Amino acid sequence: MYQQYDSDLAWLKSPTLGELPVSLGEWLLYSASFMKNLQQYDVSPRIKVLRQRWQLPTLQEKKALNMTTRAYALIREVLIYSEGKKWMYARTVFPHQTLTGQQRCLARLKTRSLGSVLFKDPTLERDPFDVTCLLPDMPFHRFVTQQANMTAEAIWGRRSRFVLRGKPLLLSEFFLPDIARLESCSF
């Protein structure tokens, strides 16, 4: 599914606020917990796990994580939503070595947010964001809208590599149209 669309994505490395849409720029570059920030808007975001399984990451994901061609990873795909609103489709790639030691808990998040673990770890490092825009004629746009069971015009996304205690993971997040309807971000 996701595998076949990866090559269509063109990522803008370390964008500035001026290069992004006004309605989403601050959301796209916000580096702390997305879920905690969303809660500031008096919404109760929830997580629906769409899939979580061991599989081969895409070529772009392997490159970002410096993985070998045949290496499998635990891949978790979720929809973040609340009260009839859909906020984000997210995909996390956990290389096998990342899920060892204290980080084993990342394989058992269920409906907990990834940030509820990541942002508590004092060793957390996060690389600068890469940003992309999905247009309706792109196959990956259709994939994301199918996963979210919705229609949308342009869908903006970001990805970032995290490192916990020297162990990497890759988080790709695609902001769904409801996010632009919130008032300006309170950062």
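Applying the criterion of being part of a loop (DSSP other than H, G, I, E, B) and among the hydrophobic types (A, V, I, L, M, F, W, C) to the residues of region 98-123, the residue that is nearest to SER31 (Cα to Cα) is PHE119. Selection of region 138-157 for residues being in contact with a strand residue (DSSP E or B) (Cβ under 8 Å, 6 or more places away or on another chain), in a helix (DSSP H, G or I) and in contact (Cβ under 8 Å) with a residue 24 or more places away in the chain yields PHE140, VAL144, GLN147, ALA148.
Filtering region 14-43 to residues that are closer than 14 Å to TRP156 by Cα, of a type outside the set (A, V, I, L, M, F, W, C) and in contact with a Leu (Cβ under 6 Å, 6 or more places away or on another chain) leaves only GLY25.
If you check LYS62, LYS85, which single one turns out to be under 22 Å from LEU28 (Cβ atoms), basic (Lys, Arg) and surrounded by 15 or more Cβ atoms within 10 Å (Cβ to Cβ)? When all the criteria are applied, what remains is LYS85. Scanning region 59-74 for residues that are touching a helix residue (DSSP H, G or I) at 6+ places or on another chain (Cβ under 8 Å) and closer than 17 Å to LEU99 by Cβ returns GLU61, MET67, THR68, ALA71, TYR72, ALA73, LEU74.
For beta carbons closer than 6 Å, sequence separation of 6+ or different chains, a first residue in region 86-103 that is farther than 16 Å from MET67 by Cβ and in contact (Cβ under 8 Å) with a residue 40 or more places away in the chain and a second that is part of a helix (DSSP H, G or I) and not acidic (Asp, Glu), the qualifying pairs are LYS86/ALA148; TRP87/ILE179; TYR89/VAL144; TYR89/GLN147; TYR89/ALA148.
Quick grid of which residues meet (1) among the hydrophobic types (A, V, I, L, M, F, W, C); (2) modelled with pLDDT of 90 or more:
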position: SER23; (1), (2): no, no
position: TRP27; (1), (2): yes, yes
position: ASP42; (1), (2): no, no
position: PRO57; (1), (2): no, yes
position: LYS63; (1), (2): no, yes
position: TYR89; (1), (2): no, yes
position: PHE94; (1), (2): yes, yes
position: GLN97; (1), (2): no, yes
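Hey, any hits in region 89-102 for a residue that's within 24 Å of LEU12 (Cβ to Cβ), of a type in the set (D, E, K, R) and in contact with a Ser or Thr (Cβ under 6 Å, 6 or more places away or on another chain)? Looking for residues that are within 24 Å of LEU12 (Cβ to Cβ), of a type in the set (D, E, K, R) and in contact with a Ser or Thr (Cβ under 6 Å, 6 or more places away or on another chain), one finds at least one in region 89-102, hence yes.
The residues of region 124-137 that are in a strand (DSSP E or B), in contact (Cβ under 8 Å) with a residue 40 or more places away in the chain and either closer than 18 Å to PRO57 by Cα or in contact with a Pro (Cβ under 9 Å, 6 or more places away or on another chain) (or both), listed by number, are ASP130, VAL131. Within region 120-160, being of a type in the set (Gly, Ala, Ser) and crowded, with 20+ Cβ neighbours inside 10 Å holds for ALA148, GLY157. Picking from residues in region 78-110 that are β-branched (Val, Ile, Thr) and within 15 Å of the chain's Cα centre (by Cα), the one that is farthest from GLN52 (Cα to Cα) is ILE80. Here ILE179 does not qualify as surrounded by 13 or more Cβ atoms within 10 Å (Cβ to Cβ), touching a Pro at 6+ places or on another chain (Cβ under 9 Å), of a type outside the set (Phe, Trp, Tyr) and over 30 Å from GLN102 (Cβ atoms). Any residue in region 158-166 that is more than 24 Å from GLU83 (Cβ to Cβ), part of a loop (DSSP other than H, G, I, E, B) and modelled with pLDDT of 90 or more? So far as region 158-166 goes, yes, one or more of its residues are more than 24 Å from GLU83 (Cβ to Cβ), part of a loop (DSSP other than H, G, I, E, B) and modelled with pLDDT of 90 or more.
The values are calculated or read from the model by the stated rules, or taken from the named source; none is laboratory data. Because the structure is a prediction, the values reported are computed rather than measured. Every residue, glycine as well, gets a Cβ built from its backbone with ideal geometry; the counts of neighbours run over all protein chains shown.
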